[in-house]
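A.B. asks: Before I ask anything, here is the structure I am working with.
The values are calculated or read from the model by the stated rules, or taken from the named source; none is laboratory data. What you are looking at is a predicted structure, and each value in this text was computed from that prediction instead of being measured. Because the Cβ atoms are built from the backbone with ideal geometry, glycine has one as well, and the counts that use them run over all protein chains shown. For accessibility, only protein heavy atoms count, side chains too; no ligands or nucleic acids. Shrake-Rupley method; radii C 1.70, N 1.55, O 1.52, S 1.80 Å.
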Amino acid sequence: MKLVFYTHSLVSDWNHGNAHFLRGVMRELVREGHDVLALEPQDGWSRSNLVSEQGEAALERFQRDFPGLVSHAYDADFPHEAVLDDADVVIVHEWTDPALIARIGRARRAGGDFTLAFHDTHHRAVSARPEIAGLDLADYDLILAFGEALSERYRRAGWGRQVVTWHEAADTRLFRPLAGEEKECDLIWIGNWGDDERTAEIRTFLVEPAARLGLKGTVRGVRYPAEARAALAEAGLAYGGWIANADVPAAFARHRMTVHIPRRPYVEALPGIPTIRVFEALACGIPLVSAPWDDAEGLFRPGEDFLFARDGAEMAAQMRRLMADPELAASLSAHGLETIAKRHSCAHRVDELFQHLAGHGTQKVRSQLAPREAAE
């Protein structure tokens, strides 16, 4: 089949975690022999910031890190209808310009012989509800929401024809344990600052526990203001800025543990949705301690796959346990890897995507998926 993904960006992962997941999904699709194309705005926010900060070489590196993936940048004159003419499946990300979202819907209504899906991987259905409510989704066959709480928001609001949950997952071709990397530091946190959505949480669950224990650690991510960088330095945490996602497995391998600090909108309004870094960290076998969130869908086995910490004092206590107990660290690593291998790889998500398409796609797509279903 030919699948077209409208993305905020595929080539840039600057403050754009969804690129991690889409790269993994697209690589699985290519491996299975499908024709896969990504389209992204030429002036997209993530892409523009990456080039401004890192230069054009960062875009060129994408092709070296992910050979076989194709992304075309479009401008105002791009012939969208012509590109979609022979597509079987079109998946449009929610950061796509609203006018283009509507235009693609009109192409479907005008006789486009493709299954059209809308993919939401953010909290704007709660935090910016009027923006999502204003999108023209009437001609979309399917809504793919990255958590059941978000799916319920769409269903209750009557947005879209059919709404299904399609979680993110780890690209296990990239994220895996790396042998031979020497442990250089105690702790690593990879995450972006981002709009004051977890400022207090970063201080409570990272900066203060690390300082209390005297841990040697590393922080990678973007948009950290000067006062945040100063607080990290005072706590003894080295700040390294942006890190290409392809370099993350090696960074994890050089540290003894990591943490998960969810953004406040997910904790308060959309329970059950972790960041993609949880999947990726467990896939790399690094022990993880998480700030509070409600695993409402039972994605993991808290206490076996990772540890929870209810507050800063408990975070420090859990970090201390991991530093002192190699057997505990090894157990978390093994159980986390097991859960990812059984449930949360991008290969699993491709299978789930095809199941959704078989149930809600056009007859054209369902007929192409029939041989796959018979083989399974």
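A.B. asks: Asp65 to Glu338: FRET efficiency via 1/(1 + (r/R0)^6), r the Cβ-Cβ distance, R0 35 Å, to the nearest 0.05?
C.D. replies: The calculated FRET efficiency here is 0.80.
A.B. asks: Mind giving me the FRET efficiency for Lys2 and Ala269? R0 is 56 Å, r the Cβ-Cβ distance, nearest 0.05 is fine.
C.D. replies: Calculated transfer efficiency: 0.95.
A.B. asks: Still on this structure, please answer the following. Taking 0.36 nm per residue of sequence separation and subtracting the Cα-Cα distance, how much length would be gained by fully extending the chain between Asp86 and Arg223, in nm to one decimal?
C.D. replies: Stretched out fully, the Asp86 to Arg223 stretch lengthens by 45.3 nm.
A.B. asks: Ok, one more. Full extension from Ala324 to Arg301: what is 0.36 nm times the residue separation minus their Cα-Cα distance, to one decimal in nm?
C.D. replies: 6.1 nm
A.B. asks: What FRET efficiency would be calculated for the residue pair Asp113, Asp351, taking the C-beta separation as r and a Förster radius of 25 Å, to the nearest 0.05?
C.D. replies: 0.55
A.B. asks: For segment 221-376, count all C-alpha to C-alpha pairs, find those more than 26 Å apart, and express that count as a whole percent of the total.
C.D. replies: Summing the P(r) tail past 26 Å for segment 221-376 gives 40 percent.
A.B. asks: Now for a separate question. Tell me the per residue accessible area of the chain using a 1.4 Å probe; a whole number in Å² is fine.
C.D. replies: Roughly 40 Å² per residue, with all protein chains present.
A.B. asks: Right, another one. Ordering Lys364, Lys342, Lys183, Lys2 from largest to smallest accessible area (1.4 angstrom probe), what's the sequence?
C.D. replies: Accessible-area ranking of Lys364, Lys342, Lys183, Lys2, largest first: Lys342, Lys183, Lys364, Lys2.
A.B. asks: Here is a follow-up. From the helices alone, meaning DSSP H stretches of at least four residues, give me the mean residue ellipticity at 222 nm for the chain, per-run term -39500 (n - 2.57), in deg cm²/dmol to the nearest 500.
C.D. replies: Estimated from H runs of four or more residues: -13000 deg cm²/dmol.
A.B. asks: Can you check what the Kirkwood hydrodynamic radius comes to for the chain, Cα pairs only, in Å to one decimal?
C.D. replies: 21.5 Å
A.B. asks: Quick check: with the 1.4 Å probe, what order do Glu184, Glu81 take by accessible area, largest first?
C.D. replies: Glu184, Glu81
A.B. asks: Related question: Apply the a/c threshold of 1.5 to the C-alpha gyration tensor of segment 181-297 and tell me whether it is rounded, prolate or oblate.
C.D. replies: oblate
A.B. asks: Label-point separation (nm) for Ala179 and Ala250, each offset 7 Å from Cα along Cα-to-Cβ?
C.D. replies: The answer from the label model is 1.9 nm.
A.B. asks: In nm, what is the difference between 0.36 nm times the number of residues separating Ser48 and Gln162 and their Cα-Cα distance?
C.D. replies: Result: 37.6 nm gained on full extension.
A.B. asks: Can you find, among Gly134, Ala73, Gly194, the residue sitting farthest towards the positive end of the charge dipole of the chain, where Lys and Arg contribute +1 and Asp and Glu -1 at Cβ?
C.D. replies: Result: Gly194.
A.B. asks: Compute the separation of the alpha-carbon centres of segment 42-89 and segment 310-376 and state it in Å as a whole number.
C.D. replies: Their Cα centres are 27 Å away from one another.
A.B. asks: Run the quick spin-label model on Asp195 and Arg366: label points 7 Å from Cα toward the beta carbon, then report their separation in nm to one decimal.
C.D. replies: Each label point is offset 7 Å from its Cα along the Cβ direction, giving 3.8 nm.
A.B. asks: Between helix 98-109 and the chain, what is the angle of the helix's C-alpha long axis to the longest principal axis, kept within 0 to 90° and rounded to the nearest 10?
C.D. replies: Rounded to the nearest ten degrees, it is 40.
A.B. asks: Cross-link partners among lysines for Lys216, C-alpha distance below 26 Å, same-chain residues fewer than 8 apart left out?
C.D. replies: Those lysines meeting the cut-off are Lys183.
A.B. asks: Helix 326-343: angle to the longest alpha-carbon principal axis of the chain, degrees 0 to 90, nearest 10?
C.D. replies: Approximately 0 degrees, to the nearest ten.
A.B. asks: Next question, about the same structure. Residues with beta-carbon under 15 Å from that of Pro177, excluding Pro177: net charge, scoring Lys, Arg +1 and Asp, Glu -1?
C.D. replies: After counting each charged neighbour, the total is -1.
A.B. asks: Using heavy-atom solvent-accessible surface (probe 1.4 Å) with all chains present, what is the largest-first order of Asp139, Asp196, Asp247?
C.D. replies: Asp196, Asp247, Asp139
A.B. asks: Give me the accessible area of Asp97, 1.4 Å probe, in Å² rounded to the nearest 10.
C.D. replies: So the heavy atoms of Asp97 present about 90 Å² to solvent.
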